[in-house]
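Participant: My questions all concern the structure below.
Please treat every number below as a calculation from the coordinates, not as lab data. Because the structure is predicted, anything quoted here is derived from the model rather than measured. With ideal geometry, Cβ positions are generated from the backbone for all residues, glycine too; neighbour counts draw on all protein chains shown.
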């Protein structure tokens, strides 16, 4: 049988292709995640789940920016107690790995949610230590190497599935935080979450988002995300990186592989067309053939050698 | 597609130019907007009430550079909107979602509550092109029967059936009651419906028994309006992007959720 050149494996995960649904997009129900897998995603990440249910912020929670979206949803989620049923449901329908995104307000909360998610059947856990718009969690954890280490160590101690840490770009040295996460036990790093941002309406002279500050995603952040992947790869060339930020075509994905990513996450581009996963996969495959390369792995970090 | 979505999704501030009182709880707001004035029946817009909320609203009319939405007081955001006056500034995104398909022949529309608004838009568009247009409208009481005069001008007298729960106008029953006998008496080439989901479910059951075509506009809690956040899922469908109009074949796929459950603000499954 011919080897599938798109197949990637890293941190103990086996993916049919290197495209992953990013957390926050269509990530509640098994039916919606299954739809994304059927549209071609190699793996899917759920919405970030915490200990207690959260209703999130009032609208507007999303506003269009010049080349992307600003969102401040406010981590709406049903709480892990309820969500374990959905994870169980996912495991019966999904034909691709399920990554459960986890957040908490303390190392103990992160560990508690991660443990329940893993027991319920999550194939991997991704720690949201990078949400830019909810206080005392997310980026407030991921911007401090000491707190980050504590969280990652606590989670690592209670799960035996792969542990992915999703990093924030809102830091002065992302590689330093990547190193802290890996030293504490992270098996892979996702780079990056959204960039902290504001949108103002001139007619009403008000910020548009109900939460005022939100996270910028889409094409606008791509070069920044790419630089983050680049910096982490330079610091940690042996650690698997999942690139995330503004990917909306196969060439965007290839740029991330060349910068050092082993796989990519796609979020905002799903708004335009969920066919994005298949489109990226087809494009990457044809690129590999044109360059006479046998696998995505051969591309990873290639730009650093030239 | 993506360029269109980007344009439609860009927030535009505009001024409420006219407010009409339709019933004790429903007002119609007329706004100038260069994109929403080209909306098709069934599409919706996101209305930003600055400092308060942003809510999805079905479009009731779109022409001459203006778009109209009919709004019932159901919560904080709609209460604030009802307190606003002409001249106030609001924000608009859209139009979003699909639209009712344009059918010919003999058409039946069934509307409950403010669900009548998008059907009035559709009826106005179809009236010139169809053989016969019939409308069944239901409300709790006479005061809440919306657009009876407008619909009377579109359908002929015999083709407009009204029902009220308290019997203050038309037949005293639910809107679904006269439906079965009407469908057994007359042939219809297409049935359109919009209204409370329990009503839509009942109508779906009635049309399914008779193997009749149906298009229903559904409502769900919405945040982004563009198919990203997943708040408005019914089964595998995003109401904001794959809907809000669904065919009988699609409704069959989601019949376990239709009229039964939806996602709450925290993403958990709650009763409709």
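Participant: When a footprinting reagent is the concern and you count Cβ atoms within 10 Å, what order do B:187, A:292 take, fewest first?
Facilitator: Working: B:187 10, A:292 7.
Neighbour counts put them in this order, fewest first: A:292, B:187.
Participant: Separate question: Using a 10 angstrom cutoff on alpha carbons, build the Gaussian network for chain B and name the most mobile of B:167, B:225, B:243.
Facilitator: Checking each option, the largest mean-square fluctuation is seen for B:167.
Participant: What is the packing order of peptides B:191-197, B:52-58, A:155-161, taking the mean over residues of other C-beta atoms within 10 Å and listing the highest first?
Facilitator: Details: B:191-197: 24.3, B:52-58: 22.4, A:155-161: 17.1.
Ranking, from highest mean packing down: B:191-197, B:52-58, A:155-161.
Participant: Return, ordered by residue number, the residues of the stretch A:274-297 whose backbone nitrogen is under 17 Å from a label point located 7 Å along Cα→Cβ of residue B:247.
Facilitator: Counting backbone N atoms under 17 Å from the label point, the list is empty.
Participant: Specify the residue with the greatest mean-square fluctuation among A:167, A:236, A:293, computed from a Gaussian network of chain A linking alpha-carbon atoms under 10 Å apart.
Facilitator: Looking only at A:167, A:236, A:293, the largest GNM fluctuation is found for A:293.
Participant: Using the reciprocal of the averaged 1/r over all distinct C-alpha pairs, how large is the Kirkwood radius of chain A in Å? Don't skip to the answer; put the middle values down first.
Facilitator: Numbers: mean 1/r = 0.0527 Å⁻¹.
This gives a value of 19.0 Å.
Participant: By per-residue mean of other Cβ atoms within 10 Å, what is the highest-first order of A:126-136, A:262-272? Let's see the in-between values first.
Facilitator: On the way: A:126-136: 23.5, A:262-272: 25.9.
Output ranking for A:126-136, A:262-272: A:262-272, A:126-136.
Participant: Percent relative contact order of chain B, based on C-alpha pairs within less than 8 angstrom and at least six residues apart?
Facilitator: Working: 602 pairs, mean separation 42.4, N = 272.
Reported relative contact order: 16 percent.
Participant: Could you tell me what percent of the DSSP beta bridges with both partners in the stretch B:106-271 are antiparallel, to the nearest 5? Display every interim value, and only then the final one.
Facilitator: Working: 8 of 31 bridges.
Bridges in the stretch B:106-271 are about 25 percent antiparallel.
Participant: Please give the average number of partner chain Cβ atoms lying within 10 Å of the Cβ of each residue in B:228-240, rounded to a whole number. All intermediate terms of the calculation are to be shown ahead of the outcome.
Facilitator: Values: counts 14, 13, 13, 6, 0, 6, 2, 4, 10, 3, 4, 0, 0.
For peptide B:228-240, the averaged partner shielding equals 6.
Participant: Next up: Within 10 Å of each Cβ of B:49-56, how many other protein chain Cβ atoms are there on average?
Facilitator: Values: counts 2, 8, 4, 3, 4, 9, 1, 1.
What the average comes to for B:49-56 is 4.
Participant: Taking N as the number of residues in the protein assembly as shown, what value does Rg over Cα atoms divided by 2.2 N^0.38 Å take?
Facilitator: Working: Rg = 25.4 Å, N = 578, 2.2 N^0.38 = 24.7 Å.
Its radius of gyration relative to the 2.2 N^0.38 Å reference: 1.03.
Participant: Go ahead and collect, in residue order, the members of the stretch B:149-170 whose backbone nitrogen is under 13 Å from a label point 7 Å along the Cα-Cβ direction of residue B:185.
Facilitator: Inside the label zone: B:158-162.
Participant: So, one more: Along the Cα→Cβ direction, 7 angstrom out, place labels at residue A:153 and residue B:165. What is the inter-label distance in nm?
Facilitator: About 6.0 nm, to one decimal.
Participant: Which whole-number percent of Cα pairs in the stretch B:106-271 have a distance greater than 22 Å?
Facilitator: Working: 5901 of 13695 pairs.
In whole percent, the share of Cα-Cα pairs in the stretch B:106-271 beyond 22 Å is 43.
Participant: For a label point 7 angstrom out from the Cα of residue B:198 toward its Cβ, which stretches of the stretch B:70-86 have the backbone nitrogen within less than 19 Å?
Facilitator: B:73-75
Participant: Here is a further query. Taking just the alpha carbons, could you work out the radius of gyration and Dmax for the stretch B:2-96, both in angstroms?
Facilitator: Both quantities, over Cα of the stretch B:2-96: 12.3, 41 Å.
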